[in-house]
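What follows is one structure encoded as C-alpha cells, with my remarks underneath.
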Amino acid sequence: MRALMGKLLAVATALSAVLIMSTKAYANLEATCMAASAKDTRFNYGFCVKALSAVAQTGDGARELAKATANIGAKLAAATEAKARAWLEDPRTQPKACDPFQTCYFIYQRASNLFLFAEHLIDKHAYADAKSRARDVPSAVRDCNRYFHEAGLGAPFLEQSAQCEQLGIICGAITDLL
C-alpha cells in the first residue's frame, strides 16, 4: 500500500511540474504578445497568442517567439505558394486567372523567403534587419488579392493573406522588443 501511494505521489508530482511549466510558457507568451502589441497598431493580440501557443515552450523568450513566428509564416507562405502553383498547373483554371495566380505564386515565394531570412537574421542577432524583412511581408501579400480583383475575379487567398500579414506584423513587433 505504501509503495502504491509513493508511486501515485510521484506521478502527481510529475504532472504538477508539467502543468506549472506549461503555464509559465503560456504566461511568457501572453506577456510577450502584450508587450509587442504596443509596437504596432495593426497587431492582433489574440492571433499572436493563438498562433504561438502550439509552439511556445517553457523559457521561450521574445527571441525564440520571434523565430517561431517567422517559421510559421514561412510555412504558411510556402503552402500558399504551392496552392498557387497547383492552380496554374490545373487545366481547368480560367485563362484570365493565370496571370494573377502566377503573380501570387511569386508573391508568396517572396513572402516565404522574407520570413526565412528574418528567422536567419534573428539567429544572427541582426534584429533591425530581421524586423525590416518581416515588416515587408504584409504589403507584399496584400498585393496578391488586388491582382485577382483587377482581373474581375474573387481572391482565393484572402485567409492566407490575412494570416501572413498578421504573422509579419507580429514577427516585426516581437523582434522590435529585442
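Counting other Cβ atoms within 10 Å, keep those with at most 16, restrict to DSSP loop, and tell me which trypsin sites (Lys or Arg not before Pro) in segment 70-125 are left. All intermediate terms of the calculation are to be shown ahead of the outcome.
On the way: sites: 75, 83, 85, 92, 96, 110, 124; in loops: 92, 124.
In loop regions of segment 70-125 (DSSP not H, G, I, E or B), the sparsely surrounded trypsin sites (Lys or Arg not before Pro) are 92, 124.
Need one number: nm distance between label points at residue 90 and residue 55, each 7 Å from Cα along Cα→Cβ, rounded to one decimal.
2.8
Say a paramagnetic label sat at a point 7 Å from the Cα of residue 42, along Cα to Cβ; which residues of segment 146-168 have their backbone N under 17 Å from it?
Once the point is set 7 Å along Cα→Cβ of residue 42, 146-147, 158-168 turn out to lie under 17 Å by backbone N, inside segment 146-168.
Taking 30 Å as the cut-off for C-alpha to C-alpha distance, list the pairs among 39/124; 39/96; 50/83; 83/131; 39/83 that go past it. Mind showing how you got there, number by number?
Numbers: 39/124 22 Å; 39/96 40 Å; 50/83 24 Å; 83/131 27 Å; 39/83 32 Å.
Correct reply: 39/96; 39/83.
If the cut-off is a Cα-Cα distance under 14 Å, which aspartates and glutamates reach residue 75, setting aside same-chain residues fewer than 8 apart in sequence?
Output for residue 75: 119, 165.
What does the charge dipole of segment 60-120 about its Cα centre add up to, to the nearest 20 debye, if the Cβ of each Lys and Arg holds +1 and the Cβ of each Asp and Glu holds -1? Don't skip to the end; give the middle numbers.
Values: 8 positive and 7 negative charges, 21 e Å.
Using only the charged Cβ atoms, the result is roughly 100 debye.
Just so you know, all these numbers are worked out from the coordinates, no wet-lab data involved. What you are looking at is a predicted structure, and each value in this text was computed from that prediction instead of being measured. Every residue, glycine among them, receives a Cβ derived from its backbone with ideal geometry; neighbour counts consider all protein chains shown.
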